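Here is the structure we will look at.
The values are calculated or read from the model by the stated rules, or taken from the named source; none is laboratory data. Fair warning: this is a prediction, and the values are worked out from it, not measured in the lab. Note that each Cβ is placed from the backbone with ideal geometry, even for glycine, and that neighbours are counted across all protein chains shown. With ligands, DNA and RNA removed, areas are computed over all heavy atoms of the protein, side chains included. Shrake-Rupley method; radii C 1.70, N 1.55, O 1.52, S 1.80 Å.
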Amino acid sequence: MILRIVSFVLGLTVAASVAFAQSYPDRPLRLVVGFAPGGNVDVIARLLAQEMSKGLGQTIVVESKPGQAGAIAAELVARAAPDGYTLLLANGAHPVTAALYRSIKFKPVDDFAWISTASFYPFVLCVRKDSKFQTLQDLIKAGQSGDASVSYGSGGVGSIHHMTTELLALATNSRFQHIPYRGEAPGVTGLLSGDVAFMPLTVTLAVQHTQSGALRALGVTGKTRSKDLPDVPTFEEAGVADYEVVSWSGLATTAGTPARIVERLRTELVRTINLPEVRARLESFGTEVRAT
């Protein structure tokens with residue numbers, strides 16, 4: 001008798017889970033972004049949300065929760081109900097948060113159900129148009145001289161901007177002063193106003209501000225030159241051997257979310273990034289569009 005009751009309850013649970021997954025989604029979703037509006041991650045999130053909403057039949061609301069290089073947003077998603085209604089726009093900084101922020105209250109890998117990547121992209125190191133640094137080697141030499149006043153902006157401690165520059169410093173035995181901001185867009189504002197001497201930017205913002213004449217690009221962190229900035233050398237071409245930094249963006253949700261829901265989200269993400277107009281827009285950001 002007890003076994004029959006247990007079997008009956010388990011059957012109801014499985015049936016309810018299947019019904020829940022099949023009716024998903026029946027209300028709006030939220031896509032949480034860990035950086036201030038206006039940066040590359042935010043723009044990608046809004047582009048994906050707009051198109052995925054059409055396939056899912058529900059609005060996806062993008063919410064900015066900046067701070068700790070995306071860790072605040074990630075913790076919110078890690079602690080959400082595992083029902084597929086709270087998503088995270090993760091990027092390359094996500095895996096390093098555990099190493100840099102010992103106080104975080106989530107596991108960067110195990111507390112998430114990973115949906116798919118969407119894009120991969122390098123960075124472009126930029127200075128103001130009136131900067132005394134004409135080449136990447138000029139900047140490196142200043143860093144090697146022990147001049148601690150050579151400052152750079154980033155999207156926060158642990159952000160890819162931060163890691164990109166510290167890797168450069170390590171590779172060239174240089175030293176630079178780190179000025180963290182709450183996202184890429186505020187960091188660009190600091191660079192434009194002269195509060196920092198340089199900053200690695202995503203191609204989107206680098207192209208925008210170099211074409212306007214406000215900034216100059218000194219080097220690209222990828223293995224090949226950017227098609228949008230063909231005259232800008234890679235770091236290797238500029239004399240920094242064996243150097244490459246490529247970040248990524250993708251979607252995740254809370255661990256424990258039913259597999260059928262995760263697969264539904266993956267299907268919609270893959271459909272979205274393969275649409276010609278969406279792919280073209282993402283590629284205009286200097287990205288390689290690829291699901292994994």
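Observations on the structure shown:
- Every listed requirement among (1) open to solvent by 30 Å² or more (accessible area, probe 1.4 Å); (2) part of a strand (DSSP E or B) is met by L125 save one, (1).
- Taking the conditions (1) closer than 16 Å to I44 by Cβ; (2) open to solvent by less than 70 Å² (accessible area, probe 1.4 Å) in turn, P258 satisfies each one other than (1).
- When G190 is tested against the conditions (1) touching a residue at least 40 places away in the same chain (Cβ under 8 Å); (2) out of contact with any Lys or Arg (no Cβ under 6 Å at 6 or more places or on another chain), the lone failure is (1).
- Number of residues in region 128-143 that are outside any loop (DSSP other than H, G, I, E, B) and either open to solvent by 10 Å² or more (accessible area, probe 1.4 Å) or under 25 Å from V43 (Cα atoms) (or both): the value is 5.
- Per-region count, region 25-43, residues modelled with pLDDT of 90 or more, open to solvent by 40 Å² or more (accessible area, probe 1.4 Å) and under 13 Å from the mean Cα position of the chain (by Cα): 1
- Annotation: A241 fulfils all but one of (1) part of a loop (DSSP other than H, G, I, E, B); (2) closer than 30 Å to E75 by Cα; the unmet one is (2).
- Residue count for region 218-238, restricted to those that are more than 20 Å from R281 (Cβ to Cβ) and either open to solvent by less than 80 Å² (accessible area, probe 1.4 Å) or not in a loop (DSSP other than H, G, I, E, B) (or both): 11
- Test: Q68 is more than 18 Å from T253 (Cβ to Cβ) and surrounded by fewer than 18 Cβ atoms within 10 Å (Cβ to Cβ): no
- Counted residues, region 74-130 - those being at positive phi and in contact with a His (Cβ under 9 Å, 6 or more places away or on another chain): 0
- Hey, S154 open to solvent by 10 Å² or more (accessible area, probe 1.4 Å) and either of a type in the set (S, T, Y) or out of contact with any helix residue (DSSP H, G or I) (no Cβ under 9 Å at 6 or more places or on another chain) (or both) or not: no
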